[in-house]
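Engineer: Shown below is the structure under consideration.
The values are calculated or read from the model by the stated rules, or taken from the named source; none is laboratory data. Bear in mind the structure is a predicted one, so any value in this text is a computation, not a measurement. Every residue, glycine among them, receives a Cβ derived from its backbone with ideal geometry; neighbour counts consider all protein chains shown.
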Amino acid sequence: MQTLWFILVALMLTAYVVLDGFDLGAGALHLFVARNDQERRMLLRAIGPVWDGNEVWLLAAGGTLFYAFPLLYASSFSGFYLPLNMVLWLLVFRAIGIEFRLHLDSRVWRDFFDAVFSLASLLLIVLFGAAFGNVMRGVPLGPDHYFFVSLWTNFLPGPQPGALDWYTVLAAVVCVVALSLHGALYVILKTEGPLNTRLRDLVQWLWPALIVLTIASLIATVFVRRQLLDNYRADPVGWIIPVAVIAALIGIFYFNRARQERNAFLASCLYLIAMLCGAAFALYPALLPASGDPANSITLQNASAGASSLSIGLVWWSIGMAIAVAYFILVYSMFKGKVAASETGH
């Protein structure tokens with residue numbers, strides 16, 4: 001039951017990265033690829049019907065952590081108190097940037113909120129990437145399984161690291177490039193004209209950068225935390241995951257060149273899924289590893305709720321997920337196809 005809930009939490013986090021990842025990536029590119037107000041409206045129309053619904057998966061993952069692994073929830077939310085508050089404020093500003101840009105017929109007003117939306121999206125990606133790097137590297141957990149990290153210390157991984165060091169910054173850069181590529185492919189799928197062409201050209205630049213950064217991040221991860229290879233050595237089936245990463249990268253390049261927009265976007269989804277599955281496979285059974293004494297790590301065994309609670313919760317989780325999945329199928333079906341910027345409004 002503990003392993004099942006580990007998989008369910010990983011599933012919801014992956015759903016969040018794949019779904020909200022493309023509108024975060026689109027937001028990060030908003031000011032740089034959309035040259036005029038019409039193109040910016042097209043980009044916002046591409047993500048407009050789904051961006052707020054996509055964030056449900058982040059809330060669902062947080063709620064599941066609270067229910068299934070209360071120690072992990074309490075420890076991580078207290079240790080990452082400052083970054084989590086920054087995430088909350090950025091989520092608020094991102095929503096404000098989308099919803100407020102056309103409340104006044106003023107170019108200054110629109111440009112300001114376009115900048116708010118784009119900057120908040122970019123910083124959210126950076127924070128999520130750095131948080132992912134912290135989990136993979138480990139945090140300074142004490143015997144009571146709690147910790148505190150400064151924003152940075154000496155910028156080096158070690159027993160007492162800061163939230164930012166060279167490894168977590170590398171993870172943030174990988175996340176920025178991966179989600180920008182993901183967002184670009186989604187907007188390509190939803191638009192036509194000069195914006196579509198410009199994004200295709202951008203993908204050709206982002207793709208080789210993503211390959212280099214993926215290889216660098218894998219090498220850095222092994223260097224920083226060699227134990228993450230243990231599960232791959234113990235169970236060779238895990239090597240399917242890096243094969244999937246390679247296939248996804250090849251698919252992105254091939255399908256984008258062949259103008260198979262849907263397949264290129266699905267290949268990007270596969271890349272994100274494979275990378276996150278690889279991380280979950282490497283961490284198991286740890287939920288949050290300790291950067292110092294491994295005995296202080298938060299694991300499935302010491303963090304989960306009782307067996308009866310997990311069993312009862314599975315029933316309600318299944319009902320909730322069935323409703324959520326049905327909603328997402330309905331919304332994405334209703335708003336499928338290309339979008340165009342209207343003369344007024346979004």
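Engineer: Restricting attention to region 138-146, does a residue exist that is touching a residue at least 24 places away in the same chain (Cβ under 8 Å), in contact with a strand residue (DSSP E or B) (Cβ under 9 Å, 6 or more places away or on another chain) and not in a loop (DSSP other than H, G, I, E, B)?
Structural biologist: Pass one, region 138-146, residues touching a residue at least 24 places away in the same chain (Cβ under 8 Å): 138-143, 145-146.
In the following step, the residues that additionally are in contact with a strand residue (DSSP E or B) (Cβ under 9 Å, 6 or more places away or on another chain) were identified as 138-142, 145.
Checking the rest, the ones that are also not in a loop (DSSP other than H, G, I, E, B) come to 139.
Looking through region 138-146, at least one residue is touching a residue at least 24 places away in the same chain (Cβ under 8 Å), in contact with a strand residue (DSSP E or B) (Cβ under 9 Å, 6 or more places away or on another chain) and not in a loop (DSSP other than H, G, I, E, B).
Engineer: Going through region 233-260 one residue at a time, which ones are of a type in the set (D, E, K, R) and either at pLDDT 95 or above or loosely packed, with under 13 Cβ neighbours inside 10 Å (or both)? Step through it out loud before you land on a result.
Structural biologist: Initially, region 233-260 is screened for residues of a type in the set (D, E, K, R), giving 233, 235, 257, 259.
Answer for region 233-260, where residues must be of a type in the set (D, E, K, R) and either at pLDDT 95 or above or loosely packed, with under 13 Cβ neighbours inside 10 Å (or both): 233, 235, 259.
Engineer: OK, next. For region 281-307, give me each residue that is more than 20 Å from residue 158 (Cα to Cα), at pLDDT below 95 and part of a helix (DSSP H, G or I).
Structural biologist: 300, 301, 302, 303, 307
Engineer: Scan region 30-89 residue by residue and report those that are without any contact (Cβ under 8 Å) to a residue 24 or more places away in the chain, closer than 30 Å to residue 199 by Cβ and either polar (S, T, N, Q) or touching a strand residue (DSSP E or B) at 6+ places or on another chain (Cβ under 6 Å) (or both).
Structural biologist: The answer is 36, and nothing else.
Engineer: Here is a further query. What residue, among those in region 92-144 that are under 26 Å from residue 272 (Cβ atoms) and hydroxyl-bearing (Ser, Thr, Tyr), is surrounded by the most Cβ atoms within 10 Å (Cβ to Cβ)?
Structural biologist: The extreme case among them is 121.
Engineer: In this structure, is residue 173 in contact with a Pro (Cβ under 9 Å, 6 or more places away or on another chain) and farther than 30 Å from residue 38 by Cβ?
Structural biologist: no
Engineer: Could you list, in sequence order, the residues of region 228-252 that are over 21 Å from the mean Cα position of the chain (by Cα) and either closer than 17 Å to residue 180 by Cα or among the aromatic types (Phe, Trp, Tyr) (or both)?
Structural biologist: 232, 239
Engineer: Something else now. Please name all residue pairs, on different chains or six or more residues apart, with Cβ atoms under 8 Å, provided the first residue is in region 185-206 and is surrounded by 18 or more Cβ atoms within 10 Å (Cβ to Cβ) and aromatic (Phe, Trp, Tyr) and the second residue is part of a helix (DSSP H, G or I) and modelled with pLDDT under 95.
Structural biologist: Cβ pairs passing all conditions: 186/23; 186/46; 186/47.
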